[in-house]
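The values are calculated or read from the model by the stated rules, or taken from the named source; none is laboratory data. The structure presented is a predicted model; accordingly, all values stated were derived computationally and were not measured. Cβ atoms come from the backbone with ideal geometry, glycine included; neighbour counts cover every protein chain shown. Ligands, DNA and RNA are excluded from the accessible area calculation, which covers all protein heavy atoms including side chains. Shrake-Rupley method; radii C 1.70, N 1.55, O 1.52, S 1.80 Å.
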Amino acid sequence: MRRLTLWVLTSLVGGMAALATQAERQTGAIHYEPRWESLDRRPTPDWFRDAKFGIFIHWGIYSVPGWGVKGQYAEWYWHHIAKKGDNNPWWNHHRRVWGEGFEYADFAPLFRCEHFDPEQWAALFARAGARYVVPTSKHHDGFCLWPSAEANRSWGRPWNAVDIGPRRDLLGELAGAVRKRDLRFGFYYSLYEWFNPLWRTDRQRYVNEHMLPQLKDAVMRYRPALIFSDGEWEMPSKEWRSEELLAWLFNESPCRDEVAVNDRWGKETRHKHGGYFTTEYAAGLPDAAHPWEENRGMAHSYGWNRIETVDDYKSARELILLLCDLVSRGGNLLLNVGPTADGRIPVIMQQRLVEMGDWLRVNGEAIYGTRFAGRACQWSEGRIPEQKYGDYNIQYKLLEQVGQYPRPDGQAVKQVFFTRKGDTLYAITAGWPGRHLVLRDVEAPNHAEVTMLGVPGALKWTQQGHRLIIETPPLEPEGAPCRYAYVFKISSARWLPAAPLDRPASAP
């Protein structure tokens, strides 16, 4: 009887422990240790993988000069003018426009943000089809867009937007406006600061007394859904105490169940540790083995650069195809805007966002919530020689031109990107495919339905061996539901093993 009682008690305890473990898994209440081995087991929240498109915002006192050498980042203004000398174009510009005695700190009172309307910004981002917004809470100059006591204390002067300049909690106002439109709110945070007195004299004190309490303060105030860390390259993650910080973030912070974090937590961590991997002005990553995000500006600079011209900006077509390409490989796009010092988003940036939103309103089904389809893209007809067109840099050059390229026989081929939800395949063509869209190595059963997003009714299609041939709808020049890229939805589709391509396939 005693053995039976002991067995029953043991079974009950074991069962309760198993139920507790299962409940922890279901509620996300798993305890993470301050070790990468433990932290890296935390899954990136599904909202991030579903969102696909976010808005980056670089805005600070560097927006007052709003200038940079073309092809460089204007938000690095202070860093570059610190190297005084006649051979430095940054210093020459500063000396000519602002004067030799004008210090970077003198820009702070001029950062007035008098036209900043967070409601208008949030409405624009929602109209653009973005699902999350990531402003810079603090860049490498250390100036904070929220009332940071640590900033004032370590710099020995007012160094945040509430105590000087606009005298507003810019981060808090934007967070409220963004969330009212059901967009996720996160922020960018630079771990290091170029000229912070503590950083220059005692880096461990800087981390312990400035960086860690400051970042925790921002988290507690604004409960970010995402933290884009940066400036990590100066020290390994152990010296930044990144593992301790992330363990606190995932276990104890008010946003522990929602927050997504990137991979910039120490000079050894990019593409190795963190919730999602980042690329910057690159082609992204080749597939969805790990969540990732490409971030870039519409021109080159993140911070507003007044000397960038219309020719420096990507067209709406290029940005839409960029989004399609990245999403087809399982990635996200974090597209930057650089507001002016008075709080306006330049009209050219607004126009690009509105055009992207127009496209997404028709075709968002093929973007949001999708996953890597197993293959990212192909050419709708013919064969593009691997040795000439196989790498992503060349693909971008083609996209920046017309989204198509002549075959050796003179016919045009068009790039097609693929995304998937369950057994539904989306084929996104870069430009109008012509009378027929020919997809290689795709098979659909007889009961499958093929449609074009934005056009009512089913489309005719046939299966010819390894090729699915879709008859495109006859549309008048002004009758297309969108511009630049078109989405064909194929139910119950599956990939076939790639067939050998000894000669170009011809459309019927």
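Details
- Under the condition of being modelled with pLDDT of 95 or more and in contact with a Gly (Cβ under 9 Å, 6 or more places away or on another chain), the residues counted in the range 398-418 number 1.
- Taking the criterion of being under 18 Å from residue 295 (Cα atoms) and basic (Lys, Arg), the residues of the range 251-271 that qualify are 264, 270.
- Consider the range 314-353 and keep the residues that are out of contact with any strand residue (DSSP E or B) (no Cβ under 9 Å at 6 or more places or on another chain) and of a type outside the set (D, E, K, R). The one that is nearest to residue 485 (Cα to Cα) is 316.
- Residue selected from the range 227-242 under the condition among the small types (Gly, Ala, Ser) and part of a helix (DSSP H, G or I), by the criterion surrounded by the fewest Cβ atoms within 10 Å (Cβ to Cβ): 237
- Only one entry in 247, 260, 218 is under 16 Å from residue 132 (Cα atoms) and in contact with a helix residue (DSSP H, G or I) (Cβ under 9 Å, 6 or more places away or on another chain), namely 260.
- The C-beta contact set for the range 437-448 (first residue within 11 Å of residue 463 (Cβ to Cβ), second residue β-branched (Val, Ile, Thr) and part of a strand (DSSP E or B), distance under 9 angstrom, 6+ apart or interchain) comprises 439/416; 439/469; 439/470; 439/490; 442/490; 444/450; 444/490; 448/490.
- Of the residues making up the range 326-381, those that are assigned to a strand (DSSP E or B) and either open to solvent by less than 10 Å² (accessible area, probe 1.4 Å) or of a type in the set (A, V, I, L, M, F, W, C) (or both) number 12.
- The set of residues in the range 120-152 being acidic (Asp, Glu) and open to solvent by 10 Å² or more (accessible area, probe 1.4 Å) consists of 150 alone.
- Criterion applied to 69, 64, 97 was being open to solvent by less than 50 Å² (accessible area, probe 1.4 Å), modelled with pLDDT of 95 or more and farther than 23 Å from residue 160 by Cα, and the one residue passing it is 69.
- Test result for residue 263, buried (at least 17 other Cβ atoms within 10 Å of the Cβ), among the acidic types (Asp, Glu) and not in a helix (DSSP H, G or I): yes
Residue-wise test of (1) in contact with a Ser or Thr (Cβ under 7 Å, 6 or more places away or on another chain); (2) acidic (Asp, Glu); (3) without any contact (Cβ under 8 Å) to a residue 12 or more places away in the chain.
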residue	(1), (2), (3)
56	no, no, no
64	no, no, no
68	yes, no, no
83	no, no, yes
86	no, yes, yes
102	no, no, yes
126	no, no, no
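- Filtering the range 172-208 to residues that are open to solvent by less than 20 Å² (accessible area, probe 1.4 Å) and over 14 Å from residue 232 (Cα atoms) leaves 174, 175, 177, 178, 183, 185, 186, 187, 196.
- Only one of the numbered conditions (1) open to solvent by 10 Å² or more (accessible area, probe 1.4 Å); (2) in a helix (DSSP H, G or I) is not met by residue 163, and that is (2).
- When residues of the range 290-319 are limited to those that are within 22 Å of residue 372 (Cβ to Cβ) and free of Cβ contacts under 8 Å to residues at least 40 places away in the same chain, the one least open to solvent (accessible area, probe 1.4 Å): 319
- Residue match in the range 128-147 (condition: more than 17 Å from the chain's Cα centre (by Cα) and aliphatic (A, V, I, L, M)): yes
- Tally of residues being open to solvent by less than 10 Å² (accessible area, probe 1.4 Å) and either touching a Ser or Thr at 6+ places or on another chain (Cβ under 7 Å) or not in a helix (DSSP H, G or I) (or both) across the range 209-226: 7
- Cβ pairs under 9 Å, 6+ apart, first in the range 251-267 and at negative phi and hydroxyl-bearing (Ser, Thr, Tyr), second part of a loop (DSSP other than H, G, I, E, B) and modelled with pLDDT of 95 or more: 253/223; 253/259
- Residue that is farthest from residue 375 (Cα to Cα), among those in the range 271-287 that are open to solvent by less than 30 Å² (accessible area, probe 1.4 Å) and assigned to a loop (DSSP other than H, G, I, E, B): 274
- Any chance residue 268 is modelled with pLDDT of 95 or more, among the acidic types (Asp, Glu) and either in contact with an Asp or Glu (Cβ under 8 Å, 6 or more places away or on another chain) or assigned to a helix (DSSP H, G or I) (or both): no
- Residue list for the range 104-135, filter: in a strand (DSSP E or B) and touching a helix residue (DSSP H, G or I) at 6+ places or on another chain (Cβ under 8 Å): 132, 133, 135
- Scanning the range 94-131 for residues that are in contact with a strand residue (DSSP E or B) (Cβ under 6 Å, 6 or more places away or on another chain) and aliphatic (A, V, I, L, M) yields a total of 1.
- Verdict on residue 344 being touching a Leu at 6+ places or on another chain (Cβ under 9 Å), among the basic types (Lys, Arg) and either in contact (Cβ under 8 Å) with a residue 60 or more places away in the chain or on the phi < 0 side of the Ramachandran plot (or both): no
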